[in-house]
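Structure first, commentary second.
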Amino acid sequence: MSVNREDRAAESEFLSEQDDGPSASTPASPQETAQVELLKEQSDVKDALKQTPTSADVTPTEEKKSDRLWFATYALGLVLLAGLYYLLRLGSLPLPSEYIGIAQRAALGGVLALFVVAAGKAVESLLVNHIDNAASRYTLNRILQLLVWVVLGLILISIIFANWYTTFASLGVASVVVGLALQSTLTSFFGWIYILIRKPYKVGDRIQLGAAKGDVIGVSYLDTTLWEFGGPYLFTDHPSGRLIKFPNSQVLSNPVYNYSWPLFPYIWNEIKFNIAYDSDLEFVAQTMREVAEAEIGEFMMQQVRVYRELLAHTPVDELEVQERPAVHFRVGENTWLEAIVRYLVHPKEAGRVKTRIIKKLLARLNAEPDRVLFPKGSAR
């Protein structure tokens, strides 16, 4: 039997009838609805809902505060430096007059620097470290460290240079030269800022950017580090053991494929077999559906129903998200029919789940050779 290209391009696909219809779905139970509400309180889900046009405003989480013993050390240091500055202003210390100005600026700079370091430590210990989401803690600590170092640099400049106008004029000329020399580095830094603001990915996400595929384990000021999955040595989505580093500037010029969207952290996967046209299609469809459902489990399907409710708050048509596996038949490129089972799975479990389903499918389908006709010999 021959199939022309127009038929293949039109994808002569017909859907086997499901028990509950092609677009029907099980409504969320009260327990699942409560789970949806809990998910909405997670920070990454809140951020994702905020970025959708139809989502409602969400209230920020309440800030937590606690005391730290190290605060007394910073307070003591501030008092000592402030006292030194006061003594220098009074002229109580036996210093030559030409050193009084620089000593005062140094003491005042020390007060400001210690205050900035103490404020950064307070924000980190009292606020950032109390955030439940590890990826958010990592990102905020990076931003906080950068801000502290920038302010300390400005304080150091103010101590060394008394004339700010001359300093900024000199820095302006120097910044042009440095900017031209470090153009790619600065682009990567701006890429880091873009990642923080637009959040195309964060630590823990599974992404693909260009030829790089992996789980994000680090986002620094200049580059991103992935724990690779797949790769040239593996045909599955198992981690390869290699690290991939690429400059953050790549995110400004390449599409990012993120498999870990907080509102729907699943992907569709398919398993395809070639069977003869005179096979028992109803039996094949029922068997493939049963095996996939048994392997995925009721818990997985319940989780998909929960996330379907979250998708109702976005422009995505959640009715098209089937929590149960679906079986399709399609005219193949050869003389055989393609039987395809499509199901939802967590991206990090896709390879293992597919392997288990294939083994069980072959066992069930090979047990009925009169109803399931596989290619044999030279007809494969």
Residues that are over 22 Å from ALA34 (Cβ atoms) and modelled with pLDDT of 80 or more, drawn from region 293-323: GLU293, ALA294, GLU295, ILE296
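Would you check if GLU338 is over 33 Å from the mean Cα position of the chain (by Cα), under 29 Å from GLY230 (Cα atoms) and modelled with pLDDT of 90 or more? Spell out the reasoning first.
Numbers: over 33 Å from the mean Cα position of the chain (by Cα): yes; under 29 Å from GLY230 (Cα atoms): yes; modelled with pLDDT of 90 or more: yes.
Considered against the rule, which asks whether it is over 33 Å from the mean Cα position of the chain (by Cα), under 29 Å from GLY230 (Cα atoms) and modelled with pLDDT of 90 or more, GLU338 comes out as yes.
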Residues of region 357-378 being assigned to a helix (DSSP H, G or I) and touching a residue at least 24 places away in the same chain (Cβ under 8 Å), in sequence order, are ILE357, ILE358, LYS360, LEU361, ARG364, LEU365
Taking region 305-356 on its own, how many of its residues are among the aliphatic types (A, V, I, L, M) and part of a strand (DSSP E or B)? 9
Answer from PRO239, PRO265 - the residue that is surrounded by fewer than 19 Cβ atoms within 10 Å (Cβ to Cβ) and in contact with a His (Cβ under 7 Å, 6 or more places away or on another chain): PRO265
Taking THR335 as the residue in question, decide whether it is open to solvent by 60 Å² or more (accessible area, probe 1.4 Å) and of a type in the set (Val, Ile, Thr). yes
Does ASN269 meet the test of being in contact with a helix residue (DSSP H, G or I) (Cβ under 8 Å, 6 or more places away or on another chain), modelled with pLDDT of 85 or more and closer than 30 Å to GLU309 by Cβ? yes
Of the candidates TYR257, TYR233, the one satisfying the condition of being of a type outside the set (Lys, Arg), modelled with pLDDT of 90 or more, out of contact with any Phe, Trp or Tyr (no Cβ under 6 Å at 6 or more places or on another chain) and surrounded by fewer than 19 Cβ atoms within 10 Å (Cβ to Cβ) is TYR257
Tell me, please, whether a residue that is in a helix (DSSP H, G or I) and open to solvent by less than 30 Å² (accessible area, probe 1.4 Å) can be found in region 276-285. yes
Looking at region 201-212, is at least one residue open to solvent by 80 Å² or more (accessible area, probe 1.4 Å) and either outside any helix (DSSP H, G or I) or at pLDDT below 75 (or both)? yes
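State yes or no: is VAL117 touching a helix residue (DSSP H, G or I) at 6+ places or on another chain (Cβ under 7 Å) and either modelled with pLDDT of 75 or more or in a helix (DSSP H, G or I) (or both)?
Against the criterion (touching a helix residue (DSSP H, G or I) at 6+ places or on another chain (Cβ under 7 Å) and either modelled with pLDDT of 75 or more or in a helix (DSSP H, G or I) (or both)), VAL117 qualifies.
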So, LEU81, is that one under 27 Å from the mean Cα position of the chain (by Cα), at pLDDT 65 or above, assigned to a helix (DSSP H, G or I) and surrounded by 11 or more Cβ atoms within 10 Å (Cβ to Cβ) or not? no
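The values are calculated or read from the model by the stated rules, or taken from the named source; none is laboratory data. What you see is a predicted model, and the numbers here were worked out from it, not measured in a lab. We place every Cβ from the backbone using ideal geometry, glycine too, and count neighbours over all the protein chains shown. Just so you know, the surface numbers come from the protein's heavy atoms only, side chains and all, with ligands and any DNA or RNA stripped out. Shrake-Rupley method; radii C 1.70, N 1.55, O 1.52, S 1.80 Å.
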